[in-house]
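The values are calculated or read from the model by the stated rules, or taken from the named source; none is laboratory data. All values reported here derive from a predicted model rather than from experimental measurement. With ideal geometry, Cβ positions are generated from the backbone for all residues, glycine too; neighbour counts draw on all protein chains shown.
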């Protein structure tokens with residue numbers, strides 16, 4: 001993991017030269033300025049929808065989309081509405097109200113559907129193939145004034161439950177419980193970097209991409225750990241207290 005961290009600065013500089021390629025979204029939001037901290041023009045996106053809080057991109061895949069959070073706190077809204085707020089059964093990629101839009105939570109969960117046309121998070125089940133997993137290891141998240149990089153270290157199917165309800169990520173104990181789930185060798189349909197076990201701790205910042213695999217009906221998750229933070233703003237207090245005492 002240390003070698004990956006040393007390489008992250010160079011990789012981030014390279015990816016900032018990339019553009020947006022998804023057919024469903026505007027193609028003129030790239031700044032075109034390699035000196036910018038983010039290649040996405042959030043001023044343009046705000047005109048389309050002020051609920052757009054980030055942009056997620058996985059090179060070599062079709063995942064290249066805005067990320068939204070309902071300003072009304074309606075976690076169901078972007079299940080049935082696209083990035084522009086128009087009704088669409090495919091929905092959009094979004095985070096729930098329980099997650100922080102500043103990406104400073106222990107586990108930021110990006111939710112999206114897996115349509116038959118291959119858009120949104122339809123790519124995620126391919127991470128169960130080890131070759132695909134190894135070839136698509138980096139997740140890029142752009143924010144207004146920052147660019148983040150996550151390294152994928154786990155992908156697996158799990159019971160279709162709401163992660164932010166199942167685990168209390170506001171306490172270190174809840175974070176550790178989720179880490180133990182990730183590295184639980186009893187889980188089937190899992191690809192994981194076993195050499196990372198013991199290196200992921202509650203002080204890390206995780207990103208979970210989540211969808212429902214239409215072939216199995218199970219929840220498919222792809223999990224990365226933060227290795228690059230251009231602006232250096234990702235931080236939080238880790239509470240090692242006992243949640244039972246409150």
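Observations on the model:
- Flag if residue 174 is assigned to a loop (DSSP other than H, G, I, E, B) and more than 17 Å from the chain's Cα centre (by Cα): no
- Candidate set: segment 145-169, residues that are out of contact with any helix residue (DSSP H, G or I) (no Cβ under 8 Å at 6 or more places or on another chain) and assigned to a loop (DSSP other than H, G, I, E, B); chosen: the one surrounded by the fewest Cβ atoms within 10 Å (Cβ to Cβ): 159
- Applying a threshold of 8 Å to beta carbon distances and a minimum spacing of six or more residues, or different chains, the list of pairs starting in segment 77-101 at a residue that is on the phi > 0 side of the Ramachandran plot and modelled with pLDDT of 95 or more and ending at one that is part of a loop (DSSP other than H, G, I, E, B) and surrounded by fewer than 22 Cβ atoms within 10 Å (Cβ to Cβ) reads 85/49; 91/80; 91/82; 91/113.
- For segment 191-203, the criterion of being surrounded by 13 or more Cβ atoms within 10 Å (Cβ to Cβ), assigned to a loop (DSSP other than H, G, I, E, B) and touching a strand residue (DSSP E or B) at 6+ places or on another chain (Cβ under 8 Å) is met by at least one residue.
- Close Cβ contacts (under 6 Å, 6 or more residues apart or on different chains) running from residues in segment 49-71 that are touching a residue at least 24 places away in the same chain (Cβ under 8 Å) to residues that are assigned to a loop (DSSP other than H, G, I, E, B) and buried (at least 24 other Cβ atoms within 10 Å of the Cβ) comprise 66/83; 68/92.
- Some residue of segment 102-115 being modelled with pLDDT of 95 or more and farther than 20 Å from residue 207 by Cα: yes
- Residue 224 crowded, with 16+ Cβ neighbours inside 10 Å, under 19 Å from residue 151 (Cβ atoms), modelled with pLDDT of 95 or more and out of contact with any helix residue (DSSP H, G or I) (no Cβ under 9 Å at 6 or more places or on another chain): yes
- Qualifying residue in segment 191-204 (condition: modelled with pLDDT under 95 and at positive phi): yes
Okay, residues lined up against (1) out of contact with any helix residue (DSSP H, G or I) (no Cβ under 9 Å at 6 or more places or on another chain); (2) within 17 Å of residue 212 (Cβ to Cβ):
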{"residue": "60", "(1), (2)": "no, no"}
{"residue": "63", "(1), (2)": "no, yes"}
{"residue": "68", "(1), (2)": "no, no"}
{"residue": "79", "(1), (2)": "yes, yes"}
{"residue": "94", "(1), (2)": "no, yes"}
